[in-house]
1. Could you check the simple spin-label distance between Glu184 and Ile20, using points 7 Å along Cα→Cβ, in nm with one decimal?
2. Run the quick spin-label model on Thr13 and Ser207: label points 7 Å from Cα toward the beta carbon, then report their separation in nm to one decimal.
3. Which of the lysines could a cross-linker bridge to Lys214, judged by Cα under 25 Å and excluding same-chain residues fewer than eight apart?
4. Between Asn102 and Asp126, take the C-beta separation as r, use R0 = 45 Å, and let me know the FRET efficiency to the nearest 0.05.
5. With a Förster radius of 30 Å, plug the Cβ-Cβ distance of Glu81 and Ile110 into 1/(1 + (r/R0)^6) and report the FRET value to the nearest 0.05.
6. In terms of Cα to Cα distance under 27 Å, which lysines are near enough to Lys53, apart from those fewer than 8 places away along the same chain?
7. Once you put a point 7 Å from the Cα of Thr135 and another 7 Å from the Cα of Val50, both along the Cβ direction, what distance in nm separates them?
8. Which of the lysines could be linked to Lys101 by a straight reach, that is with a Cα gap under 26 Å, when you skip same-chain ones fewer than 8 residues away?
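Since every read-out is calculated from the coordinates, none of them should be taken as a lab result. Keep in mind it's a predicted model, so treat the numbers as computed, not measured. Neighbour counts are summed over all protein chains in view; Cβ atoms, including those assigned to glycine, are modelled from backbone coordinates with ideal geometry.
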Amino acid sequence: MENKNLSRSYLETLSTADLIVLADDFDIDIPDNLNRCFIIGELLEVSEEVNQKKIEEDINTEDGEVPVSSVDDKLPDTYNETVICAILRNPAWVYVYWDIKNSDLIRLNIGNGFLALALRVSFFDDIISNSPIETFDVQIGVSDRQQYVLLPPGKKFMRIDLVAKFSGKEDENLAVSRKIELPEGPSILNNALPGRDVEITPILELSGMKNILKSHYEHHRQSFS
């Protein structure tokens, strides 16, 4: 049966005899003296079912793996803008990604005492405060575009700046992320640093928390300073 896209406006232009012939094409059994409005309704319903089945068949015609898009369709390595974004992965880790436009890279490298780029992680007591209570820098390469940063416990709000460091003059903020509110963990974990005698409940100890804290200290010791 040929697939036909039917509309109510088109069907209403047909005579009753033509509607009956069309219904026969769709294998619809039409009783004698059936009102043409009911014939049109049956045709629309069956036509919609046929078209939906055709769509599903088209989707499922390919077996095996879906072909990969061509190289031309991939996202660009840079959008030529200077921007930084921070996404909290969990209460302990933040994922940071950034971009730097070409004109800024050229400006930094033209003999003006440029030393390095850094992520400046700042912590605040509230969302509206402009003065951080604590900061630390994570040095990054000029070609780097992403970084995971381990956060110290017990902080409330965080912001990350993309900073250019110079010799003989002040650092320059190239881009600033939004402030992020950090989840507040239990105080017992905030104080459970290696070397401290902290009483952990038996239930929490069963979770392997002591081993996790030890592993974090061994691999990310600078965060416990």
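1. The modelled label-to-label distance comes out at 8.0 nm.
2. 7.0
3. Result set, ordered by chain and number: Lys155, Lys156.
4. Working: r = 37 Å, r/R0 = 0.83.
Once the sixth-power term is evaluated, E becomes 0.75.
5. 0.90
6. By straight Cα distance, Lys53 reaches Lys4.
7. For Thr135 paired with Val50, the spin-label model returns 7.1 nm.
8. Once the sequence-local lysines are set aside, what remains near Lys101 is Lys74, Lys165, Lys169, Lys179.
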